[in-house]
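Notes follow the structure.
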Amino acid sequence: MIESTYNHKAVEAAAQSHWAATNAYTVIENDPRFPKGKYYACSMLPYPSGKLHMGHVRNYTINDMMYRQLRMRGYNVLQPMGWDAFGLPAENAAMKNKVPPAKWTYENIAYMKQQMQSMGLAIDWSREMAACSPDYYKWNQWLFLKMLEKGIAYRKTQIVNWDPVDQTVLANEQVIDGRGWRTGALVEKREIPGYYLKITDYAQELLDPVANPDSPDFLKGWPDRVRAMQENWIGKSEGVRFAFPHDITDASGALVQNGKMYVFTTRADTIMGVTFVAVAPEHALALRAGELNPELTPQIEALKAGGTTEAELAVKEKEGLATGLFVTHTLTGESLPVWVGNYVLISYGDGAVMGVPAHDERDFAFAKKYDLGIKQVVAVEGKQFSTDAWADWYGDKQVGTCVNSGNCDGLRYKDAVDQVATALIVLHLGEKKTTWRLRDWGISRQRYWGTPIPIVHCDEHGAQPVPYDQLPVVLPTDCIPDGSGNPLIKHEGFHKGATCPVCGKAARRETDTMDTFVDSSWYFMRYTSPGSDRMVDARNDYWMPMDQYIGGIEHAILHLLYARFWTKVMHTLDLVKFKEPFTKLLCQGMVLNHIYYSRNDKDGKDYFPPDQVAPVLDAQGHITGGRLADGTELHYGGVGKMGKSERNGVDPQDMIEKYGADTSRLYMMFTAPPEASLEWNDAAVEGSWKFLRRVWSYANKHDAVLRAGIAGPRDESKFNDAAKNLRREIHTTLKQINFDFERIQYNTVVSGCMKVLNALEGADANAITPPALSECFSILLRVLYPSCPHITETLWRELGYAAQIGELLNVAWAEVDEKALVSDTVELVLQVNGKTRGSIVVASNADKTAIEAAAAAAPDVAKFGEGRTPKKIIVVPGRLVNVVV
RNA sequence: GCCCGAGUGGUGAAAUUGGUAGACACAGCGGACUUAAAAUCCGCCGCUUUCGUGAAUAGCGGGCGUACCGGUUCGAUUCCGGUCUCGGGCACCA
């Protein structure tokens, strides 16, 4: 007998211990129970920040719904979990709490794992991994050494944010308005050596699967928007690289850069409009200008100020300085002034650009500011060029033809570029070149809590790779960072405890660690090969490529691109057989929450959790600020993704405690479609709770009828009208639910479940031919199971269905009985001149002519058509008729 | 600034992708049950009170309505052009 009240705590505890006792979600390769083969559905691994937040709940519930439905459909489904356990927040927590990052991290993992278990996720925990475990990061080091051997990894200088007070490198996140977040000191750019991975060697291979539908690896299972973002990020552009000759010499009298200052441009058609050139403050010509005129040096240094991000560069005021040096225009021989510009980056291309004020908006502004020449070389018929103000057509290469450009005059963009390129080739001063926006991946971080880069530095033999048999280079776990510099440098046993593999003498160990994007570039393959003494083994070839990857849209570019690149490197090294890791991708929308902060005395921001803040509203009801309980006024930072750094995450634990995992999961799925972003609000969670109670009490109320059995004839002719009507309604809804599962629109799956219950409650249970009621209720339990596994599995067992056909997890998915859908008549919407005016009922099998006749005869047509005769009748089968008069 | 999205009732959203806008819910309002409350159940619920007809801010009918302006179409939340606002990413947050 089903108990009268739904006790979620008892139901969920019992279900979860049953799953644990039976290892319900441990999967093996080639399991004969699953005829449809494997399905690998994986969520992006969480950073162990302390507690789960609603974004995690959303991510894993989507994954879990998918898991359970596909398993019932006959797939061998793998859902693993792990921890992105290296990274900056652990160091910050260590500084704040004076505990080593390792301790903080492992405690967080333990707590969050228990939270996940209380959510009832079908995770195979036997495959759990943590990035900070030497068993895992050993393989980061191993593959890094392989890449060094292949020349994919190399060493060069990189530009970092330097905090002069703390004497440390800052992450972009730690630079706030150009100042260090802890010290408030003005951040400087500094050039230091580091390791890079040649992702640009794979640029074309990374581009084709996102840009070319004819590519064999085209990622058709990815959202269009993500492919577009990756395509633009890789940014293939065809242009011209050429040199401006000059006779500037260095202190020794030799020509600087052999007398050729190279630039790259996609607008070679405007070469005759060049009136100046600009170089980065670190460029050889800028350095030489400083030597020749020492007064300039501090001004050149000042142009290096500010952060390194592209966003910051794009919006900052363009400033420059004339060097007094000149180069020669490659084609005209004119003398062109060399400027140093704060908007020119040494790390992009050649660190120098040509200035065409007439046809580049940035150059136009720069020329106006510093009174440089503006020379029109592209014209559009009927449009007047004026140096007074910028107009969009000046920079549009799609319109216009060349003027004032010698033999290019009259040519359009493409022909003009060809012509100019030919001229440059003849002079041996330039060539056509494909360039990429994509830059090589710098992986060196001057931080403690990451994978040690397996290199030792010998005074005699330089940077030497650690021999393979000495891997892993184990990271000490007892350091507590204090914010000044990298603790590994101060850790004598680590830093100085190495020997040179060449000469055996004492050597310094590399103290840089790897970017944490390395950890997340292949963890999903380690899940397939737990405990292996190789990076991945044959089991990886069974599960990979991953069938469905699920994670936040904020990872659409970097993480996914790095993971694709890493996979291609593994393919190059014959470690895997595939070239793309993720067949299908679902980018769930972010869970957003309000952000409140106050300014601290270091010019940084101190954030406050929204649940401690009372919003301050303006007359329109918009939030303009906040107030703490003690009256402190706060700034409002809009809504943003839930996370640790802005302290606006919401811990799901309260909701799970109060309503249970099933209600929490159901509500999270119901409240928005998976791909939409979602401003968090739990005001409506009661509705989901109420729905589950109704499901429970329906089973309790109709216990006797329902437990009579789900077996029995499904012969349509034996059902009475009540049974037929109920079945038609429920199978119609089931058809929609199955479609919504296919397209991963789980919010309407939940709506569908509610419609099924509404239909059941609306029917007279005792008037329905058995076993139609049990059949319909068993459909409800099955379609509800993926979102609410505890309550459905319990009711399934209690009603005796498990004894009849097996446990819910293992029974077949509910399929639509097409015969139940048949109806004699169909109602069509009637429109007159495109406006809805009523409806007509026709036989289901009525043909177009019959429908047209019925529509023409409808009284509404006469009324709204004002007696005019129909000119045209449009019939949309099964839906609508539009009469045009 | 550049790239990518989103904008629909008081609220979350739906509309099988050009075919009844608001399914399913939340909140609210009205009612039933109850000594009362909770729970439960039933009903209403875009705007138009100076659009018509009504005594009526009840019904019925009409008109309007998917951020804003314009276009294509028999028909547009859906397609096209432009604008605004919000969110994500911009290479050292993860």
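Please compare each pair in A:K848/A:K871; A:K138/A:K496; A:K103/A:K490; A:K236/A:K432; A:K103/A:K156; A:K260/A:K316 to a cut-off of 23 Å on the Cα-Cα distance and tell me which ones are over it.
A:K103/A:K156; A:K260/A:K316
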Open item on the list: Using alpha carbons only, how many angstrom separate the centre of the stretch A:763-827 from the centre of the stretch A:17-86?
Closed with: 25
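Counting only C-alpha contacts under 8 Å and six or more residues apart, can you give the relative contact order of chain A as a whole percent?
It comes to 14 percent, rounded to a whole number.
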Open item on the list: Compute the orientation-averaged projected area for the stretch A:780-885 from the convex hull of its Cα atoms and round it to one decimal in nm².
Closed with: 9.6
Task: Cα centroid separation - the stretch A:405-450 against the stretch A:272-289, whole Å - done: 17
TODO: Whole number in Å², please: accessible area per residue of the stretch A:238-308, 1.4 Å probe, ligands, DNA and RNA not counted.
DONE: 39
TODO: State the dimensionless ratio Rg/Rh of the stretch A:256-306 (Rg: radius of gyration of Cα atoms; Rh: Kirkwood radius).
DONE: 1.05
TODO: Using the Cα centre as the reference, give the magnitude of the dipole from point charges on the C-beta atoms of the stretch A:1-127 (Lys, Arg: +1; Asp, Glu: -1; all else neutral), rounded to the nearest 20 debye.
DONE: 120
Open item on the list: Out of the chymotrypsin sites (Phe, Trp or Tyr not before Pro) in the stretch A:59-137, which ones are loop residues according to DSSP with at most 14 other C-beta atoms within 10 Å?
Closed with: none
TODO: Filter the GluC sites (Glu not before Pro) in the stretch A:288-339 down to the DSSP loop ones having no more than 12 other Cβ atoms within 10 Å, then list what survives.
DONE: A:E295, A:E317
Open item on the list: What FRET efficiency comes out for A:A13 versus A:V399 if R0 is 56 angstrom and r is the Cβ-Cβ distance? Round to the nearest 0.05.
Closed with: 0.20
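In the stretch A:68-161, which GluC sites (Glu not before Pro) are in a loop and have at most 15 other Cβ atoms within 10 Å, using DSSP for the loop call?
Passing sites in the stretch A:68-161 do not exist.
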- [ ] Determine the relative contact order of the stretch A:246-322: mean sequence separation of Cα pairs under 8 Å and six or more apart, normalised by residue count, in whole percent.
- [x] 17
Task: Carbon and sulfur %, accessible surface of chain A computed with the full protein complex present, 1.4 Å - done: 51
- [ ] Please give the FRET efficiency for A:S126 paired with A:T387, using the beta carbon to beta carbon distance and R0 = 60 Å, rounded to the nearest 0.05.
- [x] 0.25
TODO: Tell me the label-point distance for the pair A:K505, A:T434, using the 7 Å Cα-to-Cβ offset, in nm and rounded to one decimal.
DONE: 4.7
TODO: Just need the relative contact order of the stretch A:13-129 here, percent rounded to a whole number, with Cα pairs under 8 Å and 6+ apart.
DONE: 36
- [ ] Could you calculate the FRET efficiency of A:A857 with A:L821 from 1/(1 + (r/R0)^6), where r is the beta carbon distance between them and R0 is 22 Å, rounded to 0.05?
- [x] 0.20
TODO: Name the residues whose placed amide hydrogens come within less than 5 Å of the amide hydrogen of A:V536, ignoring near sequence neighbours (fewer than 5 apart) on the same chain.
DONE: none
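What number does the stretch A:1-112 give for Rg over Rh if you use C-alpha atoms and the Kirkwood radius? Intermediate values should be presented prior to the final figure.
Values: Rg = 18.3 Å, Rh = 16.9 Å.
Answer for the stretch A:1-112: 1.08.
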Open item on the list: Starting from 0.36 nm per residue, how many nanometres of slack lie between A:V426 and A:D651 once their C-alpha separation is accounted for?
Closed with: 74.3 nm
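What is the Å³ per residue value for the convex hull set by the Cα atoms of chain A? Please list the in-between numbers first.
On the way: hull volume 216.3 nm³, N = 885.
Value for chain A: 244 Å³ per residue.
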- [ ] Give the value in nm², to one decimal: projected area of the alpha carbon convex hull of the stretch A:417-496, averaged over all directions.
- [x] 10.4
Open item on the list: Once you place label points 7 Å from the Cα toward the Cβ at A:K658 and A:L628, how far apart are they in nm?
Closed with: 2.5
- [ ] Would you list the P(r) distribution for the stretch A:652-717, with all Cα-Cα distances sorted into 5 Å bins from 0 and each bin expressed as a whole %?
- [x] 3, 14, 19, 15, 13, 11, 9, 9, 5, 2, 0
TODO: Calculate, for the stretch A:748-799, the solvent-accessible area per residue in square angstrom, rolling a 1.4 angstrom probe over the heavy atoms of the protein chains.
DONE: 24
Open item on the list: Just to check, using Stokes-Einstein with a Kirkwood Rh over alpha carbon pairs, what's the diffusion coefficient of the stretch A:169-222 at 10 °C and 1.306 mPa s in µm²/s?
Closed with: 107
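Can you give the extra length, in nm with one decimal, that the chain gains between A:L573 and A:R412 once fully stretched, where that is 0.36 nm per residue apart less the Cα-Cα distance?
53.4 nm
The values are calculated or read from the model by the stated rules, or taken from the named source; none is laboratory data. All figures in this text were calculated on a predicted structure; none of them were measured in a lab. Every residue, glycine as well, gets a Cβ built from its backbone with ideal geometry; the counts of neighbours run over all protein chains shown. To get the accessible areas, we keep the full protein, side chains included, count just its heavy atoms, and leave off ligands, DNA and RNA. Shrake-Rupley method; radii C 1.70, N 1.55, O 1.52, S 1.80 Å.
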